[in-house]
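Have a look at the structure below, then the notes.
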Amino acid sequence: VVVGIGATPNTGWLASSGLEIADGVVCDATCATGAPNVVAAGDVARWHHARYGESVRMEHWTNAVEQADAAAERLLAGEAPVAPFTPVPFVWSDQYDLKIQAAGRIAPGDDVFVAHGSLEERRFVALFGRGGELVGALAMNRVRQLMAYRRQMRDGTSWEEAVAAAKAS
C-alpha cells in the first residue's frame, strides 16, 4: 500500500527573512513574494491560483518545472505586468504495469464519466465535472488521451462539450 499524504515545506531557515510563510513561501499569482525581486517556485511556493480562486501549493515536479518558467518571467519583466501562473495540475505514478495519471482538481461529489476504455480492463480515462466545467481527468494506461483533456481544461472546455466529444469518438 502506498499512501501520499503530502509534505511539509522546509521553511524554517527563512524565519528571519521577512518573507511571509504559511505552509510555504506566500506568493502572488505571478510567483512574486512580498520582498522586492524575490520569487518562489516548486514545492515550497504557495500562490494565489486565479483559475481555482484559492491559495495552493503543488507538490510535484511537473509543477516545479512549469512554475520555474513563470518565476523567471516575473523576474525578467521587472515592474511590467505578467500573466498569472494558472497551470492545470498534472501528476502521475508508475505502479508496476500501470501508469496512473491525473490532471485538474478532482473533488468528492464531482460528476464522473468514463470517456474511454473500461474500469474492468484497467485501461480507461474518467472525466470529472463540476458546475458545468471539465475540472479533472484520471487515466490508467491512457497517456495520450489524458494529455488532450489537460489541454481542454486549460482552454476552458465545458463539461457538456467534453462528454459530447468523448461520446462521439
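The values are calculated or read from the model by the stated rules, or taken from the named source; none is laboratory data. Because the structure is predicted, anything quoted here is derived from the model rather than measured. Every residue, glycine among them, receives a Cβ derived from its backbone with ideal geometry; neighbour counts consider all protein chains shown. The protein model used for the area step is the full one, side chains on, heavy atoms only, and it has no ligands, DNA or RNA in it. Shrake-Rupley method; radii C 1.70, N 1.55, O 1.52, S 1.80 Å.
A few notes on this one:
- Loop sites in the range 27-128: chymotrypsin sites (Phe, Trp or Tyr not before Pro), DSSP, at most 11 other Cβ within 10 Å: Tyr96
- Computed from the C-beta positions of Ser158 and Trp13, the FRET efficiency with R₀ = 41 Å rounds to 0.35.
- Inter-label distance, Ser118 to His60: 2.8 nm, where each label sits 7 Å from its Cα along the C-beta direction.
- Accessible area per residue was computed with a 1.4 Å probe on protein heavy atoms; Thr33 scores about 20 Å².
- A full extension of the chain between Ala165 and Lys99 corresponds to an added length of 21.4 nm, given 0.36 nm per residue minus the alpha carbon distance.
- Working note: Karplus 6.51/-1.76/1.60 with θ = phi - 60° gives the range 96-105 the couplings 6, 8, 10, 10, 9, 9, 9, 10, x, 10 Hz, where Gly and Pro are set to x.
- Residue order by solvent-accessible surface for Met140, Met153 is Met140, Met153, largest first, with ligands and nucleic acids left out and a 1.4 Å probe.
- A simple rule links phi to the HN-Hα coupling: the Karplus curve 6.51 cos²θ - 1.76 cosθ + 1.60 with θ = phi - 60°, which for the range 141-146 gives 6, 9, 4, 4, 5, 4 Hz, with x for Gly and Pro.
- Cβ-based net charge around Ala68, under 13 Å, with every Lys or Arg adding one and every Asp or Glu removing one: -3
- Portion, in percent, of the accessible area of the range 12-124 that falls on carbon or sulfur, probe 1.4 Å: 56
- The 1.4 Å probe gives accessible areas that order Val91, Val135, largest first, as Val91, Val135.
- Amide H contacts under 5 Å for Val25: Ala45, Arg46, restricted to partners 5 or more places along the chain or on a different chain, H placed in the peptide plane at 1.01 Å from N.
- Value of [θ]222 nm, deg cm²/dmol, for the chain, DSSP H segments ≥ 4, -39500 (n - 2.57) each, nearest 500: -7500 deg cm²/dmol
- Karplus-derived 3J(HN,Hα) values for the range 39-55, using 6.51 cos²θ - 1.76 cosθ + 1.60 with θ = phi - 60°, are 10, 9, 8, x, 4, 7, 7, 10, 9, 6, 9, 4, 4, 9, x, 8, 7 Hz; glycine and proline are entered as x.
- Across the alpha-carbon atoms of the chain, the computed radius of gyration and Dmax are 17.9, 58 angstrom.
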